[in-house]
Every structure is written in structure tokens, then in C-alpha cells.
Amino acid sequence: EALARVLERIPKGASVMNGGSHTLEDIGLMEALRDGYQWMRPAIAATNDREERTRKRRQAVTADWLIGGINAITLSGEIVNVDGSGNRLAGYAFGAGKVILVASVNKVVPDLAAAFDRIRNTAAVQECRKLGKQTPCAVSGQCDNDACRGPDRQCGKILIIENEKIAGRITVVLIDEPLGF
């Protein structure tokens with residue numbers, strides 16, 4: 001049902017970029033984007049030249065549609081996302097024409113303090129371990145923000161969305177089951 005709610009909003013032929021997200025993988029989004037959309041992520045992934053890949057990533061920030069996960073969402077509706085490079089966050093905040101953010105119930109937290117705790121001590125730990133990074137959180141299971149610097153860090157940039165000025169630009173799809181991390 002979540003996949004259908006995402007796809008019904010995106011016109012065929014639109015340029016679409018997606019952020020890395022286990023929730024999006026779990027609902028089958030990547031497979032669905034292969035047919036009928038100008039899906040930008042495969043071309044980026046296939047680019048070996050660093051400068052060209054960076055150029056394509058910058059271009060993808062301005063896709064017609066950007067689909068991504070949510071690291072945490074508070075009971076009052078604040079959406080909190082972190083990113084290593086910030087390209088995803090740039091698209092969410094301004095670059096993309098429209099944004100669809102997908103979250104499962106395990107991302108819902110009481111407040112911003114709980115959001116940061118969840119991101120740093122659950123999501124970042126699992127993401128860094130999945131990627132084989134040797135960050136303090138991946139090694140110990142707990143964030144050590146002061147000690148975690150450098151290229152392996154996956155949560156160096158933070159975006160909190162409290163409001164969107166353009167009506168209808170951001171859609172949130174909330175899934176009533178635990179998915180992703």
C-alpha cells in the first residue's frame with residue numbers, strides 16, 4: 001500500500017531521485033522506478049569518475065521528485081534527517097520540485113531529544129556497520145560525537161523540517177509497521 005501511495009503521486013516520465021533508505025528498499029520502490037521514470041540513481045551509481053559522479057549528484061538534487069526515508073519524526077511533526085554529504089538534505093530543503101518522505105512507525109519519537117538519540121544510537125550505528133565503517137558508533141554501539149570526525153562519518157549534516165512554505169511540495173507517507181532502521 002505504501003508503494004502505491006508513493007507512485008500514484010509521480011507522473012510517468014518525471015525525473016526521480018531517491019535517497020538511500022532501507023524502508024524504500026523494503027517497500028520495493030527501487031524496482032518500481034525502473035519502468036516509466038527518469039530514475040537518476042542508477043546512472044550516478046554507475047559513474048566511476050569522482051568529478052562526474054559529484055556533478056550528477058548535484059543535478060539529482062533538483063529532480064522533479066525526490067523520494068527518501070525519515071530518520072526520525074516527532075509526535076509534533078518535526079522531521080529529522082541526517083546525511084554524510086548533505087545532497088539528500090539539499091533536495092529535501094529546497095532543490096527538488098516535490099518530495100515524498102516515507103517513514104515506518106519505528107521512526108516516530110516523542111521529541112527532538114529522542115530523535116537525536118534514535119539517529120545517533122540506532123540508525124547511525126546500523127548504517128555504519130552495514131557499510132563496514134569503523135566509526136565510534138559502529139565499534140561500540142554508542143555515538144561518540146566528539147570523537148567521530150572524518151570521511152567515514154555518516155551523520156555529519158542534520159536537517160529538521162518543521163514547515164514547508166510551498167503547499168503540497170512535501171508529502172509524508174507513514175507505514176504502520178516497523179521497517180528499515
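Any read-out appearing in this document is the output of simple, stated calculations on the displayed coordinates, not a laboratory observation. Computed from a predicted model, the values in this text were never measured in an experiment. All Cβ positions, glycine included, derive from the backbone under ideal geometry; neighbour counts span all protein chains shown.
Could you compute the net charge surrounding VAL82? Neighbours are other residues with a C-beta less than 12 Å from the C-beta of VAL82; K and R count +1, D and E count -1. Don't skip to the end; give the middle numbers.
On the way: positive: ARG88, ARG118, ARG120, ARG153, LYS157; negative: ASP83, GLU127.
Net charge around VAL82: +3.
What's the extension gain from ALA45 to ASN121 if we count 0.36 nm per residue and subtract their Cα-Cα distance? Please list the in-between numbers first.
Values: separation 76, 0.36 × 76 = 27.36 nm, distance 2.81 nm.
Residue separation times 0.36 nm, minus the Cα-Cα distance, leaves 24.6 nm.
Within a Cβ distance under 15 Å of GLN126, other residues only, what is the Lys/Arg minus Asp/Glu net charge?
Details: positive: LYS107, ARG118, ARG120, ARG129, LYS130, LYS133, ARG153; negative: GLU25, ASP26, ASP117, GLU127, ASP152.
It works out to a net charge of +2.
Multiplying the sequence separation of ALA147 and SER76 by 0.36 nm and subtracting their Cα-Cα distance, what value in nm do you get?
Details: separation 71, 0.36 × 71 = 25.56 nm, distance 3.14 nm.
Taking 0.36 nm per residue and subtracting the Cα distance, the gain is 22.4 nm.
Arrange the following residues from fewest to most other Cβ atoms within 10 Å of their Cβ: GLU25, GLU127. Present the calculation step by step, with values, prior to reporting the outcome.
Numbers: GLU25 15, GLU127 23.
Result, fewest neighbours first: GLU25, GLU127.
What are the residues whose amide H is under 5 Å from the amide H of SER15, where those residues sit 5 or more places off or on another chain and H is modelled from the backbone?
So SER15 has HN proximity to GLN38, ASP64, TRP65.
About the Cα centre, and with charges only on the beta carbon of Lys, Arg (+1) and Asp, Glu (-1), how big is the dipole of the range 124-170? Nearest 20 debye, please.
180 debye
As a test of the formula, what do you get for the chain when each DSSP H run with n ≥ 4 contributes -39,500 (n - 2.57) and the sum is divided by the residue count, at 222 nm and rounded to the nearest 500 deg cm²/dmol? Write down the numbers at each step before the final one.
Numbers: 9 runs with 56 residues, N = 181.
The helix contribution divided over the chain gives -7000 deg cm²/dmol.
Explain nothing, just compute: Karplus ³J(HN,Hα) = 6.51 cos²θ - 1.76 cosθ + 1.60, θ = phi - 60°, for every residue of the range 84-100 in order, whole Hz, x for Gly and Pro.
x, 9, x, 4, 4, 5, 4, x, 4, 6, 8, x, 6, x, 9, 10, 10
Expressed in nm to one decimal, what extension gain is obtained for the pair LYS157 and VAL108 from 0.36 nm per residue of sequence separation less their Cα-Cα distance? Don't jump to the answer; show the numbers that get you there.
Working: separation 49, 0.36 × 49 = 17.64 nm, distance 2.02 nm.
My answer for the length gained is 15.6 nm.
In whole percent, what relative contact order does the range 2-175 give with Cα contacts below 8 Å and a gap of six or more residues?
Reported relative contact order: 25 percent.
Run the quick spin-label model on GLN134 and MET30: label points 7 Å from Cα toward the beta carbon, then report their separation in nm to one decimal.
Placing both labels 7 Å along Cα→Cβ, they lie 2.7 nm apart.
Toward the positive end of the charge dipole of the chain, about the Cα centre and with charges on Cβ (Lys, Arg +1; Asp, Glu -1), which of LEU24, TYR92, ALA63 goes farthest?
The residue sitting farthest along the positive end of the dipole is ALA63.
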